[in-house]
Amino acid sequence: MEKRKSELQQLVEDLLGEAKQQGASAAEAAVSSDAGLSLTVRLGETETIEHTRDNGLGVTVYFGQRKGSASTSDLSPQAIRETVEAACNFARYTSEDPCSGLADAHLMATDLPDLQLYHPWKQSVEQAIDLAIRCETAARELDPRIINSEGATLNSHNGLQVYGNTHGFIGGYPSSRHSLSCAVVGKQDDSMQRDYWYTLSRQGNQLESPEHVGKVAAQRTIARLKARQIPTQQAPVVFQADVAVGLLRSFIGAIRGSALYRKASFLLDHLGKPVFPEFVDIHEEPHLPMGLASASYDSEGVATQRRNFIKNGVLESYVLDSYAARKLAMQTTGNAGGVRNLRINSGGLDREGLLKKMDRGLLVTELMGQGVNMVTGDYSRGVAGFWVEDGAVQYPVEEITIAGNLRDMMLGLQEVGTDLETRSSVQTGSWLIDKMMIAGE
Amino acid sequence: MSDLIQIAQETILAPVGLVEQDLDRMLGELTGSGVDAADLYFQSSRLESWVLEDGIIKEGAHNIEQGAGIRVISGEKTGFAYSDELQLPTLQEAARAARAIARSGADQSVHIAGMPVSRQLYAPVNPLPSLSEIEKIDLLRRVDNEARQQDSRVKQVIVSLVGAHDVILVAAIDGTLNADVRPLIRLNVHVIVEQGSRREQGSSGGGARENFDYFLQEDRALGYAREAVRQALVNLEAVDAPAGAMPVVLGPGWPGVLLHEAVGHGLEGDFNRKGTSAFSGRMGEQVAATCCTVVDDGTLPGRRGSLNIDDEGTSSQNTVLIEKGILKGYMQDKHNARLMKVASTGNGRRESYAHLPMPRMTNTYMLPGEHVPEEIIASVDKGLYAVNFGGGQVDITSGRFVFSASEAYLIEDGKVTRPVKGATLIGNGPEAMTKVSMVGNDLKLDAGVGVCGKEGQSVPVGVGQPTLKVDELIVGGTEQ
């Protein structure tokens, strides 16, 4: 790995040198190299074994304030030459843009701690198949209503990425990512449903057990059988943690610099204003050891740091890279490439506590479609889940929609659960929202 | 030997010193007892994109994607490996990894032979140099200018222009040797309008398997600009959408995303072989109203979803999926077709050499009926008229699907009245199709911007339909 890392670093240095030679006043380059195994078993037999191997190289050159970019999956010297030439050629035709350029030199990360992101999972293909079969078997044997399977999939990937720019910054680190997932089909009378579960970690031995993943996939599938519609009505809604992640992502999307300078956000001009109730804090923790989104520098080389976005419900910071920051006459927040290990604080209640607090309403466990308008905040999605009365799940529901406006939904947040979704770079417990419009029969 | 095979060999194989005999030999090493099928897929593509924003040419980017994928199938098992290095030793290593799926067997000899391609749905052109850089920039600026000229409330215009030149070559142990050169272009316009404190967006665009001058013909590019502004201004006037079950009239063209979600995916061969689709085992049954005939047609000249051959070397075709409401056919790739003992329908597609092929749609649309569109709208007392959509999604197993309207109107007493805000529509595929009660005579295909995602792989597709009425769908608005 160390040898490969120094090869890729050399490649980045060469690219930057070549760009300078072709007349660029500044340049930045990123190279990545990943290898992995992806296999699926279905009905107890191996279905696919994929050996993956992906390389990628991207370069951006600046001729003064004009910019050109190019990338390639082919790392042959000929393709690399063509790539640098293409980037330089584009920069002859793009416009002078006063906001374009590398991030400021003094913001470059100087401390590059080992965040322990690389944990290769040493196992043979046979052992991996065995894990997947154990997982799928646990799902299939849980209940006779599980009649079919889409299989269990194991993914194990190791990667290396290097980024450098002509400020002299160069950084690189290896990382790993392993996951096991299972999806099964259940049937009862005319009702056929599928659902899935997965586990994901930087470390193979930190994954949930195969049997647990299979069992949860089957339980989730069985719970959906005989789902019905409910009448059109207004009601409170609990978004289960794994789907509440999407709400948090929508919030982040609305405070992203590119949406703000384009005036394409429903949170325009909200800095310093309350956008959540007072009990809400949202922050990112980029240096978390083994974190799924950890990095000590962002995709422009800028040092990352712990940051509050929401404090006591008030919007404290946007999510900015250097370009958007210049457009908005602000400073980059070190968020080129996104937020890293974002988390919202929870109150004291677990999911069951949230359902009790809601008493009567809808528990949403699946969202469908893309009905989120980031310009207006209008929100309309297909959902599946459970109807709740007296604080307890009564029966599964499907083929209904929920609608509202994200601004109202955020301000109407009543409680965040302790049931943290940890498989995502954006982490939250379940959300209880005061009211939404449900459309049904 | 067809010209396309020659072009592909010159583009991909010759620069790395590979010849046809090398492919024969590699395929030979992939054969043996227990191996039912195996193929090599070579790809070389160049993609170029330009973005105009804030009135300036902000970005230009170029991408090279090149490599080979090697697949070996034994019964229901598939072994797959790929490489972005096209050197023989690297390819042989990938072949060994893929070959490990079938445990034993001795090499046999394979001889591949070029199959003449009988038709060309698009010319084997490279769209990237089809306009000069100056002409591309000028096109972007004129689109920007056209959008801003429409109305002073236009505050932001983003125009993107993308072109791709994709050369593929596929060789298989069944003797297949085939190639394709696939141009693909796309132009998109996105606008933000502002009136007082209210802001709305609109977008439009188009594309085809053509050279860039396609956008200069028939006023296409400037037409997209006017259309994006028109949509955004309509949305400025939109009131809250209704909530609940009601009749929905869908406009012609892009709303055909209904068919893509409600029936298309559910009729892909893999789900039906595995028995996980709501349509599984229903061949020959009534699954839609008798006024519905739906096809998947990869043979339309120049269309975004069209293919001379699919990614397994099979000629694309026009497949009847539903005829007068009766389920007639699934879409198949070679692997699922073999296991279901039918023929491939030329629907084996893959995002790139680094992905496994699977059954995918091409251009999916409904044939026209007999009603004039006005008559269909006049038949509705209270309902929704939806003419533009964002994306959709389907749960194959339960049949539930959604698609999100981005431009819609209320129908009151048989007349289109006020515009309403975007809302998600939800239904159940097999059920919704039986509720189609009127089909218009105005079949239209979309403008060529569709992208379909399945198991993490994106491919370009087309959709289309005439105006049609579904007697009941659930509309996800906020007004009770």
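The values are calculated or read from the model by the stated rules, or taken from the named source; none is laboratory data. Every value quoted in this text rests on a predicted model; they were computed, and no experiment measured them. Cβ coordinates were reconstructed from backbone atoms using ideal geometry, including for glycine residues, and neighbour counts include every protein chain displayed. With ligands, DNA and RNA removed, areas are computed over all heavy atoms of the protein, side chains included. Shrake-Rupley method; radii C 1.70, N 1.55, O 1.52, S 1.80 Å.
Answer yes or no as to whether residue A:137 is within 14 Å of chain B (Cβ to nearest Cβ), open to solvent by 20 Å² or more (accessible area, probe 1.4 Å) and in contact with a helix residue (DSSP H, G or I) (Cβ under 8 Å, 6 or more places away or on another chain).
Details: within 14 Å of chain B (Cβ to nearest Cβ): no; open to solvent by 20 Å² or more (accessible area, probe 1.4 Å): yes; in contact with a helix residue (DSSP H, G or I) (Cβ under 8 Å, 6 or more places away or on another chain): yes.
In short, no.
Residue-level analysis places residue A:34 outside the set of residues that are at the interface with another protein chain (Cβ under 10 Å from one of its Cβ atoms) and in contact with a strand residue (DSSP E or B) (Cβ under 8 Å, 6 or more places away or on another chain). Determine, yes or no, whether residue A:366 is facing chain B (nearest Cβ under 10 Å), touching a strand residue (DSSP E or B) at 6+ places or on another chain (Cβ under 7 Å) and at positive phi. Considered against the rule, which asks whether it is facing chain B (nearest Cβ under 10 Å), touching a strand residue (DSSP E or B) at 6+ places or on another chain (Cβ under 7 Å) and at positive phi, residue A:366 comes out as no. Only a single item in (1) among the hydroxyl-bearing types (Ser, Thr, Tyr); (2) open to solvent by 60 Å² or more (accessible area, probe 1.4 Å); (3) touching a helix residue (DSSP H, G or I) at 6+ places or on another chain (Cβ under 6 Å) is not met by residue B:467, and it is number (2).
Quick check, is residue A:422 within 23 Å of the chain's Cα centre (by Cα), assigned to a strand (DSSP E or B) and of a type in the set (S, T, N, Q)? Criteria not met by residue A:422. Pairing residues of segment A:69-84 that are at the interface with chain B (Cβ under 7 Å from one of its Cβ atoms) and under 11 Å from residue B:15 (Cβ atoms) with residues that are in a strand (DSSP E or B) and open to solvent by less than 10 Å² (accessible area, probe 1.4 Å), at Cβ distances under 6 Å and at least 6 apart in sequence or on separate chains, gives A:74/B:64; A:79/A:72; A:79/B:64. Among residues of segment B:464-480 that are hydroxyl-bearing (Ser, Thr, Tyr), those with a Cβ under 9 angstrom from a residue that is open to solvent by 10 Å² or more (accessible area, probe 1.4 Å) and modelled with pLDDT under 95, sequence gap 6+ or separate chain, pair up as B:478/B:421. Screening residue B:301 with (1) part of a loop (DSSP other than H, G, I, E, B); (2) crowded, with 24+ Cβ neighbours inside 10 Å; (3) not hydrophobic (A, V, I, L, M, F, W, C) gives one miss only, at (2). For residues that are open to solvent by less than 40 Å² (accessible area, probe 1.4 Å) and out of contact with any helix residue (DSSP H, G or I) (no Cβ under 9 Å at 6 or more places or on another chain), scanning just segment B:179-218, find the one that is farthest from the other protein chains (Cβ to nearest Cβ). For segment B:179-218, the residue satisfying everything is B:209.
For segment B:367-449, the strands (runs of 3 or more DSSP E) that sit wholly inside it and include 1 or more residues that are at pLDDT below 95 are B:382-394, B:400-412, B:423-428. In segment A:89-115, the qualifying residues are those that are surrounded by 15 or more Cβ atoms within 10 Å (Cβ to Cβ), within 25 Å of the chain's Cα centre (by Cα) and part of a loop (DSSP other than H, G, I, E, B), and the one that is nearest to the other protein chains (Cβ to nearest Cβ) is A:103. Could you go through segment A:198-215 and let me know if any residue there is crowded, with 17+ Cβ neighbours inside 10 Å and within 14 Å of chain B (Cβ to nearest Cβ). Among the residues of segment A:198-215, at least one is crowded, with 17+ Cβ neighbours inside 10 Å and within 14 Å of chain B (Cβ to nearest Cβ), which makes the answer yes.
Across segment B:51-88, the qualifying residues are those that are closer than 22 Å to residue B:167 by Cβ and among the hydrophobic types (A, V, I, L, M, F, W, C), and the one among them that is surrounded by the fewest Cβ atoms within 10 Å (Cβ to Cβ) is B:88.
Checking the condition part of a helix (DSSP H, G or I) and surrounded by 18 or more Cβ atoms within 10 Å (Cβ to Cβ), which residue from A:264, A:259 passes?
Details: A:264 fails: part of a helix (DSSP H, G or I).
The unique qualifying residue is A:259.
Cβ-Cβ distances below 6 Å connect the following pairs, each with a first residue in segment B:267-278 that is open to solvent by 30 Å² or more (accessible area, probe 1.4 Å), a second residue that is hydrophobic (A, V, I, L, M, F, W, C), and a separation of six or more residues or different chains: B:273/B:339; B:273/B:340. Applying the criterion of being out of contact with any Leu (no Cβ under 8 Å at 6 or more places or on another chain) and either at positive phi or surrounded by fewer than 23 Cβ atoms within 10 Å (Cβ to Cβ) (or both) to the residues of segment B:151-170, the residue that is farthest from the other protein chains (Cβ to nearest Cβ) is B:152. Among the residues here, residue A:19 does not qualify as more than 9 Å from chain B (Cβ to nearest Cβ), of a type in the set (A, V, I, L, M, F, W, C) and part of a strand (DSSP E or B). Residues in segment A:72-81: is at least one under 30 Å from residue A:328 (Cα atoms) and open to solvent by less than 30 Å² (accessible area, probe 1.4 Å)? No, the conditions are met nowhere in segment A:72-81. If the condition is being under 26 Å from residue A:191 (Cα atoms) and open to solvent by 10 Å² or more (accessible area, probe 1.4 Å), then segment A:140-169 contributes A:140, A:141, A:142, A:143, A:144, A:145, A:146, A:147, A:148, A:150, A:153.
Conditions (1) over 16 Å from residue B:180 (Cβ atoms); (2) in contact with a strand residue (DSSP E or B) (Cβ under 8 Å, 6 or more places away or on another chain); (3) open to solvent by less than 60 Å² (accessible area, probe 1.4 Å), marked per residue:
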{"residue": "B:8", "(1), (2), (3)": "no, yes, yes"}
{"residue": "B:26", "(1), (2), (3)": "yes, yes, yes"}
{"residue": "B:36", "(1), (2), (3)": "yes, yes, no"}
{"residue": "B:44", "(1), (2), (3)": "no, yes, yes"}
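Among what's in segment B:408-434 and is in contact with a helix residue (DSSP H, G or I) (Cβ under 7 Å, 6 or more places away or on another chain) and surrounded by fewer than 22 Cβ atoms within 10 Å (Cβ to Cβ), pick the residue that is nearest to residue B:379 (Cα to Cα). Within segment B:408-434, the match that is nearest to residue B:379 (Cα to Cα) is B:414.
Taking the condition out of contact with any helix residue (DSSP H, G or I) (no Cβ under 6 Å at 6 or more places or on another chain), within 14 Å of chain A (Cβ to nearest Cβ) and crowded, with 18+ Cβ neighbours inside 10 Å, does residue B:138 pass? Full working, then the answer.
Details: out of contact with any helix residue (DSSP H, G or I) (no Cβ under 6 Å at 6 or more places or on another chain): yes; within 14 Å of chain A (Cβ to nearest Cβ): yes; crowded, with 18+ Cβ neighbours inside 10 Å: no.
Here the answer is no, as residue B:138 does not meet what is asked.
Within segment B:224-260, being surrounded by fewer than 21 Cβ atoms within 10 Å (Cβ to Cβ) and touching a helix residue (DSSP H, G or I) at 6+ places or on another chain (Cβ under 9 Å) holds for B:226, B:230, B:233.
Taken over segment B:391-418, residues that are touching a strand residue (DSSP E or B) at 6+ places or on another chain (Cβ under 7 Å) and either of a type in the set (Lys, Arg) or away from chain A (no Cβ under 13 Å) (or both) amount to 8.
Could you tell me which residue of segment A:331-377 is least open to solvent (accessible area, probe 1.4 Å), considering only residues that are part of a strand (DSSP E or B) and of a type in the set (D, E, K, R)? That would be A:366. One residue stands out among those in segment A:116-130 that are away from chain B (no Cβ under 14 Å) and crowded, with 19+ Cβ neighbours inside 10 Å: the one that is nearest to residue A:60 (Cα to Cα), which is A:117.
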